[in-house]
Amino acid sequence: MRTLAVTQNITVDGSIEMLDDWFDPQSQGDVDSANLLEELHRQDSRADGFLVGRQTFEALRGYWPQQTDDATGVTDYLNRVQKYVISTTMTDPRWQNSTVLSGDPVEEVRALKAKPGADIVVTGSITLCHTLIEAGLVDEYRLFVYPVVQGRGRRLFPDGFAVPALRLLDAMAFRSGITFSRYAPA
């Protein structure tokens, strides 16, 4: 069974919805982010599936394929990884290596996890994440915590949803002030 990892950029106060300018996908301002990129590439090398909802997919598709001078390597990764988009309205994803999954999201992801392969990463896609969390399909939470308090925005876990215990698998801090924590349900 493949690992389904929810990987999110998140503020200190728990928002994953980017309502302000606290996240820059190509750099982190004037701060040396080499060790952060190294960790991102390490995780990318262990994943062969990238799962998102339609809105996140369309936002990514509208930005990343057009980047020609991307020193981060994100463009190359997203162009080559097998992308899965959960959507009942999209028929043609118009991005190489992309597959539309139009059935019940829980059943589609359960079937995807059962296929041979490496990690499947889901990012952004707040509604999809909530569905997968509530269905008990998430194996890991990989959180990149930005030293920002946004004061508003949607959260990773659905309102009223409790996880009695999470087990810390890994943690590190980067020169940029961003921290990373990797958890699994206990």
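Out of the residues in segment 76-114 that are in contact (Cβ under 8 Å) with a residue 40 or more places away in the chain and open to solvent by less than 30 Å² (accessible area, probe 1.4 Å), state the one that is nearest to residue 162 (Cα to Cα). Steps first, answer last, please.
Narrowing segment 76-114 to residues in contact (Cβ under 8 Å) with a residue 40 or more places away in the chain: 86, 98, 109, 112-114.
Keeping just the survivors that are open to solvent by less than 30 Å² (accessible area, probe 1.4 Å) gives 86, 98, 109, 112-113.
Details: 86: 25, 98: 33, 109: 22, 112: 25, 113: 23 Å.
Step by step, filter segment 76-114, then rank; the result is 109.
Of the residues in segment 115-151, how many are open to solvent by 30 Å² or more (accessible area, probe 1.4 Å) and in contact with an Asp or Glu (Cβ under 8 Å, 6 or more places away or on another chain)?
Result for segment 115-151: 5.
May I ask you to list the residues in segment 147-173 that are basic (Lys, Arg) and in a loop (DSSP other than H, G, I, E, B)?
152, 154
Under 7 Å by Cβ, and 6 or more places apart or on different chains, what pairs join a residue from segment 34-46 that is open to solvent by 70 Å² or more (accessible area, probe 1.4 Å) with one that is not in a helix (DSSP H, G or I)?
Correct list of pairs: 41/73; 46/118; 46/119.
Exactly one condition in (1) under 30 Å from residue 31 (Cβ atoms); (2) open to solvent by 50 Å² or more (accessible area, probe 1.4 Å); (3) in a loop (DSSP other than H, G, I, E, B) is not met by residue 176; state its number.
It fails just one condition, (2).
Within segment 157-169, can you find the residues that are within 23 Å of residue 41 (Cβ to Cβ) and either surrounded by 12 or more Cβ atoms within 10 Å (Cβ to Cβ) or touching a residue at least 40 places away in the same chain (Cβ under 8 Å) (or both)?
169 - this is the single residue of segment 157-169 that is within 23 Å of residue 41 (Cβ to Cβ) and either surrounded by 12 or more Cβ atoms within 10 Å (Cβ to Cβ) or touching a residue at least 40 places away in the same chain (Cβ under 8 Å) (or both).
Check segment 56-64 and report whether any residue there is under 20 Å from residue 106 (Cβ atoms), open to solvent by 20 Å² or more (accessible area, probe 1.4 Å), touching a residue at least 24 places away in the same chain (Cβ under 8 Å) and not hydroxyl-bearing (Ser, Thr, Tyr).
No, segment 56-64 has no match at all.
The values are calculated or read from the model by the stated rules, or taken from the named source; none is laboratory data. Computed from a predicted model, the values in this text were never measured in an experiment. Because the Cβ atoms are built from the backbone with ideal geometry, glycine has one as well, and the counts that use them run over all protein chains shown. The accessibility values were calculated without ligands, DNA or RNA, using every heavy atom of the protein model including side chains. Shrake-Rupley method; radii C 1.70, N 1.55, O 1.52, S 1.80 Å.
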